[in-house]
Each structure stands twice: as structure tokens, then as C-alpha cells.
Amino acid sequence: MDRKATAQDLLTSLVALDTTSAKSNLDLIAFVEDYLKGHGTASTRVPSSNGIKADLFATIGAKDAGGIALSGHSDCVPVEGQRWTSDPFTLTERGGKLYGRGSCDMKGFIACVLASVPLFKSRQLKEPIHLIISYDEEVGCTGVRPLIARLGKDLPRPRAVIVGEPTGMKVIDTHKRIDAYRTRVTGREAHSSMPELGVNAIAAAAALIGELERIGANIAAKQNDERFEPPYSTVVVGTIKGGTAHNIVPKACEFQWQVRSLPQSAPAEVPRDLTAFAKTALLPRMRQVTKEAGIETETEGAIPAFVAAPGSAAVALALELTATDEAHAVSYTTEAGLFEQAGCPAVICGPGNIAQAHAADEYVTIAQLEACLAFLEGLAERVA
């Protein structure tokens, strides 16, 4: 069986394993372990603290420091609420496209890497090729962090890391950062016929969201980094919930929001400005009714920006393997910034288009898998 057919078969198996971030990924990890074992390659699990998920690290070639790591996350986003034209967990081919949840983001890359293991094993590698599979990338890039903490200790430290997120096989050397927040508003309940006796938490939250919209618009007017699309930092509210019933002035409301910043920006300015607005424009009036009124914003997580160092060995390698001379920037985030911060030069390059990720009828084209397989064959030649 050729590598393309093997990659498609592997992708069929990977897509069939529902690794939505809220669920365990251990079945996928066990599948990959067994596959690698069948090709004479041992692997190391890095379990989560609760034991229901795990990263995986494997090495082909000499188990010493250095080498090239191929890194992908195993988790995917939910399908609930999306209208699919085929079963999202059954890989379906239509018109040269392979449909299925995670086929693009990013099980297609993992399938190509696994299909290339026999090729890697057949070469006399001058330096090792490492395989990294992580979890919980989609919920804050949290799962890979315990594995990264072990690099250079009981796990080899790669000299370069290729993160195979969907880039259309373009080379990416920088991306924005994300800071996630939750704002909680506490008001006072009252009968809806006498709203003046209460403090409407939803109304206050709406005012705060309106202020975030104004802050975001001001940022957009001041920034212009043409490498990114859009070329400025963005502020987005993602969820909101509050209230008890339509005839009760709501006591509580909370919303989650994020700042997706240009690498050179200062994201802390946004929560600072929102807090200042709350203190001057909302809280004095709210506390005239009840001293218990409050507005609190807490940080829920951060994903660092990725900026490859000048002369990055990882970027140079990816440019060589793609036969291009230009790297690009993206607005989505990946685990690359974490590797870079840990002293492992990183680059992003993988099959698929981010426009298909997270959507109903997510797909990766067969042509993109072929391009990724050619890239990996070039890597094998480069390090042999």
C-alpha cells in the first residue's frame, strides 16, 4: 500500500475516534501507540493530572538531544449545533475532499506523519525525528505544556519543531496571542413591575459589552500590521448567560470574551480600560441600590503569540522543504509559541485550510495530504 492510501486509511481511523476536547483522547493515543509498536517504535505517554487524557512522544532514530519534532494535537471541536451532510465521525470522500471532524484540524497531518513512519524507519537518519501528539489544544493549548516541561529532561529536546496546523502547506513564522477573560456582574433581584428596586445585571453586562465593542473599534483604528488578517488586535465576546425568568430583574450575568492581539500589542490594556469604565460609569449607580453590586473580571487563560527568532532553524528548514522563500503570519493561535518560549525553535506548516476548520462539513483535500506527504519525504531525505 502506498503512503497516500495508508494516510487515508489512518485518517479514517483517527476521525472515527471522537476526541472532542470535552472527552478523553486515550483511545486515539492507544491506537497510535499500537501503530508505532507495529513498526518497532516505542512511545512515552505524558498523562493529564486526572489520567483521562495524555500526550504522546516517540522518537525514530537515535534517542539523543536534537532532532526534528512533528507536532499535532489530537483534540477537535464539537459538532453539536452544526448541520453536516454526512456523519462527522465517518471519513467521507466527495470530489477529492475528505470530510470528517478533525480531518483538517488536525488529524490529516497526524495521519500523514504516521503513514511516513516506515519511510523514516527505512533511512539511516543523521538526527532523530520525534513525534508529538497533544491534547486540549482547542481549549487553551493546555495539554502540551506538561510535555514541553519535560523536554531536555527525561524527553529529548528537539532542535526544531514543525507544528502541522492547517496552513495550506505555507510556512508560518508568527501568529497573534489570545487572552481569555470572564466578567461576572452581580446585581439585585426585584419584581419586574418595579425595576427601580433592583439592579439589572444583564443590562449592566450589555453596557460592558458595548464598551468592549468601542474599545475594539478604537484599537482597530490605531493598528495596521498588514501581515495579519485582520491587521489589528480584536476583541470578541463569545458567551453570555444570566437571569432567572422574564418577570424577575436579573441578579447575575456573566460573559466570556477574548483579546486576540498582535504580537507587539499590550493585551492588558483592554481589561484595564473595561474595569475603569465599570468603576466610573456603572458601579456608582448600581451601588446606590445595593452595596452588594459588583463587576469582576478574571483571566481564564492565555496562549502566547508566536514569533520565530531571526534566522530560525525551524523556519529555514520549512522554507527549504516547501521550496519557497517567504513566510507568512496568521491570526489563529497554535502551540508553536509555547515551543518557542521553551527554547525549541518552531514553525507552522501543515495540510488543509483554516477556513474549513471548526465548521460543518470540515474537510481536507487529498491534494493537500499529498503535498504534506511530499514535505515529509523531503524531511526524510534532508536528515538521512
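Quick notes
- Straight-line reach from Lys126: taking Cα to Cα under 30 Å and skipping same-chain neighbours fewer than 8 places apart, the lysines in range are Lys4, Lys37, Lys63, Lys107, Lys153, Lys170.
- Farthest positive-ward along the chain dipole, Cα basis, beta-carbon charges - from Ile132, Thr44, Asn200: Asn200
- A simple packing score, the average count of other Cβ atoms within 10 Å per residue, orders the peptides 331-338, 120-127 as 331-338, 120-127, with the highest score first.
- Distance between the range 230-293 and the range 364-384 - C-alpha centres, whole angstrom: 46
- Within the chain, the cysteines lacking any other cysteine Cβ closer than 4.7 Å to their own Cβ are Cys76, Cys104, Cys141, Cys253, Cys344, Cys349.
- Straight Cα distances below 20 angstrom link Lys279 to the lysines Lys251, Lys291, with same-chain residues fewer than 8 positions distant left out.
- Residues with amide H under 5 Å from that of Gly301, placed H, sequence gap 5 or more: Ala180
- Converting phi to 3J(HN,Hα) with the Karplus coefficients 6.51, -1.76 and 1.60 and the offset θ = phi - 60°, the range 149-159 yields 5, 9, 5, x, 10, 9, 10, x, 9, x, 7 Hz in sequence order, with x at every glycine or proline.
- The HN-Hα couplings worked out from phi for the range 261-271 by the Karplus form 6.51 cos²θ - 1.76 cosθ + 1.60 (θ = phi - 60°) are 9, 4, x, 8, 7, 10, x, 5, 5, 5, x Hz, whole numbers, x standing for Gly and Pro.
- Largest-first principal axis extents of the Cα set of the chain (Å): 78, 44, 42
- In plain terms, if you count all Cα to Cα distances in the range 267-384 and split them into 5 Å steps from zero, the share in each step is 2, 9, 12, 13, 14, 11, 8, 7, 7, 6, 4, 3, 2, 1, 0 percent.
- A Gaussian network model of the chain, with springs between Cα atoms under 10 Å, assigns the largest mean-square fluctuation among His358, His246, His39 to His246.
- Think of each Lys and Arg Cβ as +1 and each Asp and Glu Cβ as -1; about the Cα centre, that makes the dipole of the chain roughly 680 debye.
- Antiparallel bridge percentage (DSSP; both residues within the chain; nearest 5): 75
- Across the range 183-303, C-alpha contacts under 8 Å between residues 6 or more apart give a mean separation that, scaled by the residue count, equals a relative contact order of 36 percent.
- Mean Cα-pair separation over length for the range 196-243, i.e. relative contact order, pairs under 8 Å, 6 or more apart, %: 39
Here, each number is a calculation from the coordinates, and none is a lab measurement. Just so it is clear, the model here is predicted, and its values are computed rather than measured. Cβ atoms come from the backbone with ideal geometry, glycine included; neighbour counts cover every protein chain shown.
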